[in-house]
1. Please give the charge dipole size of the chain, origin at the Cα centre, charges +1 on K and R Cβ atoms and -1 on D and E Cβ atoms. Round to the nearest 20 debye.
2. Take T268 and M222, extend 7 Å from each Cα along the Cα→Cβ direction, and tell me the distance between the two endpoints in nm.
3. Hey, any idea what Rg/Rh is for region 26-81, computing Rh the Kirkwood way over Cα pairs?
4. Run through region 181-223 and list the chymotrypsin sites (Phe, Trp or Tyr not before Pro) located in a DSSP loop whose Cβ has at most 13 other Cβ atoms within 10 Å.
5. Which angle between 0 and 90 degrees, to the nearest 10, do you get for helix 2-37 versus the longest principal axis of the chain when only C-alpha atoms count?
6. Classify region 211-272 as rounded, prolate or oblate, taking a ≥ b ≥ c as the square roots of the eigenvalues of its Cα gyration tensor: rounded when a/c is under 1.5, otherwise prolate if a/b is larger than b/c and oblate if not.
7. Choose one of F129, N118, L192: the residue whose Cα lies farthest towards the positive end of the charge dipole of region 55-208 (beta-carbon charges +1 Lys, Arg; -1 Asp, Glu; about the Cα centre).
8. For the chain, with equal point scatterers placed on the C-alpha atoms only and solvent neglected, what are the log10 I(q)/I(0) values from the Debye formula at q = 0.10, 0.12 1/Å, to two decimals?
Amino acid sequence: FNNIGAAVGVYALIHVMMADVEEISSLEADLRKSLDRDDFYLVYQPQVTSSGQVIGAEALIRWLHPKLGVVPPGEFIPLAERTGVIVPLGMWVLERACEQLAIWAQNPHTAKLTLSVNVSALQFRQAGFLTDTKILVSETGVDPSRLKLELTESALVKDMDDIVHKMDALKSVGIGFSLDDFGTGYSSLNYLKRLPLDQLKIDQSFVRDVLTVPSDASIARMVISLGKSMGFTVIAEGVETQGQREFLMQNGCHIFQGYLFSKPLQITQFDAYVAERTVA
Ligand code: C2E
Ligand code: MG
Ligand code: MG
Ligand code: MG
């Protein structure tokens, strides 16, 4: 009986695994289909200075799956990265972002806003990324200094020379760079001096317990002073409470992003958020 039980158990396990594989491969197929059908949209999370002024937003992708509803990026970006779908999908995001910047440019309330766009390592490493991005910016007529590309440390570990070359070329047309999720990757501090960055982004995992966990407070303070001394602006993400904001501000953090100010918003709501906070 034991053997039969084990056999049934193994069979059930294989069955579950196959169901998983099917689910993933159908999600992958759905992802490709949705790219053709434009089932994605961007939401915009405000970025606010210490005096409360909205200076920009981070664009965050959402997938409106025809059957599953809204799928958060944590659930499909890793799949898109594994399958290479991130390359066309990431370009779609950049296109939408530039279109939005072009629209903002026409309104004095929004003309000065910057837009940060997440760029995956695989996407940034594509041979065509540099040219495609430059063409996109010039075709949409966007002021390149309004566009900020967010890279994570994972984008920077390989082919340092190539990465620096690409960043320099994009910087020379005016595009900015932010290092996202800073401190969570594997890189050494050595690359910081070689990278033409504009901004360091303190990861939300350090912000969350900044008031209660001394080591998180130390890391947050270290990132702020390191960023400042290298001439970068420093932004904190995941700021949820006044206490966190005050701590970060007292330690010199320049810009804040998080639920304390706003969740990521659909474009109409974001525009309204900015309008309400702008002195006419
Ligand atoms: P990220 O770039 O670090 O973005 C910040 C994430 O933190 C966003 O999650 C945002 O909604 C969330 N967040 C912001 N404020 C708070 C807060 O106060 N509390 C908490 N708990 N969370 C907060 P989201 O939108 O689910 O995105 C998750 C990740 O997916 C992003 O992390 C980014 O790595 C990736 N992602 C999103 N959009 C894109 C995209 O267009 N391209 C690529 N390659 N990756 C993207
Ligand atoms: Mg980001
Ligand atoms: Mg981040
Ligand atoms: Mg993060």
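1. Here the size comes out at about 600 debye.
2. 4.7
3. 1.14
4. Sparse-neighbourhood loop chymotrypsin sites (Phe, Trp or Tyr not before Pro): Y186.
5. Once rounded, the angle reads 40 degrees.
6. It is oblate, given that a/c is not under 1.5 and a/b is not larger than b/c.
7. It is N118.
8. After summing over all Cα pairs, the log10 values are -0.58, -0.81.
The values are calculated or read from the model by the stated rules, or taken from the named source; none is laboratory data. Remember, predicted model here, so these are calculated numbers, not experimental data. Counting neighbours? That spans all protein chains shown, and the Cβs are built from the backbone with ideal geometry, glycine included. For the accessible areas, the whole protein counts, side chains as well, though only heavy atoms, and no ligand, DNA or RNA atoms are used. Shrake-Rupley method; radii C 1.70, N 1.55, O 1.52, S 1.80 Å.
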